[in-house]
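For reference, the structure is listed below as structure tokens.
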């Protein structure tokens with residue numbers, strides 16, 4: 001479902017070029033929850049952005065659902081992201097003046113209203129559906145973000161430290177939902193510092209200085 005082949009990405013910094021990801025190959029099949037771990041600055045978030053079609057690699061290929069992402073024109077790539085990929089971030093990126101229901105609906109296509117309602121129910125947010133993000137706990141906000149990521153029925157979920165701002169109880173709730181989503185057939189790629197999160201994964205990949213560690 002998601003395949004990265006020999007992907008590299010570097011950035012220009014004040015002291016010259018910095019290699020963030022170097023020759024990484026990785027696959028995530030439907031039904032898998034794969035965790036990527038490693039120290040801060042090792043390239044985890046860069047890898048996730050490249051995997052999601054948001055950051056073109058310097059070298060290598062990314063395929064989602066059998067399609068070469070960076071061979072597509074920008075409009076087609078954006079359409080693929082909307083229909084096939086769901087993103088969940090440590091910072092929730094909710095629209096502050098919209099209610100729970102409207103935040104979930106904001107990412108939905110024309111036929112998404114019913115599914116949005118189902119996801120609000122599924123994630124235990126029904127009593128909060130008319131609240132704005134500022135009236136929610138961190139755990140509730142992350143569940144709204146997760147519902148929004150799922151509203152278009154994506155086949156690939158990319159999650160960047162989704163439990164980083166949560167206490168242990170709320171982190172467990174979010175991880176349980178991600179594991180269930182994978183069990184239902186999605187391919188889930190999870191970047192995390194949390195050993196407990198990695199323990200829920202089907203398998204774990206370690207990055208060290210932009211490379212997969214052996």
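Brief remarks follow.
- FRET efficiency, residue 155 to residue 18 (Cβ-Cβ, R0 35 Å, nearest 0.05): 0.60
- Residue 172 versus residue 209: modelled label distance in nm, points set 7 Å from Cα along the beta carbon direction: 3.9
- Two-site FRET efficiency, residue 180 against residue 75, from Cβ-Cβ distance with R₀ of 41 Å, rounded to 0.05: 0.80
- Prolate/oblate/rounded label for segment 19-101 (Cα gyration tensor, a/c 1.5): oblate
- The equivalent ellipsoid that matches the C-alpha gyration tensor of segment 1-145 spans semi-axes of 32, 19, 14 angstrom, in descending order.
- If R0 equals 35 Å, the separation of the Cβ atoms of residue 5 and residue 82 corresponds to a calculated FRET efficiency of about 0.90.
- Cα shape, segment 104-207, gyration tensor, a/c 1.5 rule: oblate
A short reminder: the numbers here are calculations on the coordinates, not readings from a lab. The structure displayed is predicted, hence computed values, not measured ones. All Cβ positions, even for glycine, are placed from backbone atoms using ideal geometry, and neighbour counts span all protein chains on display.
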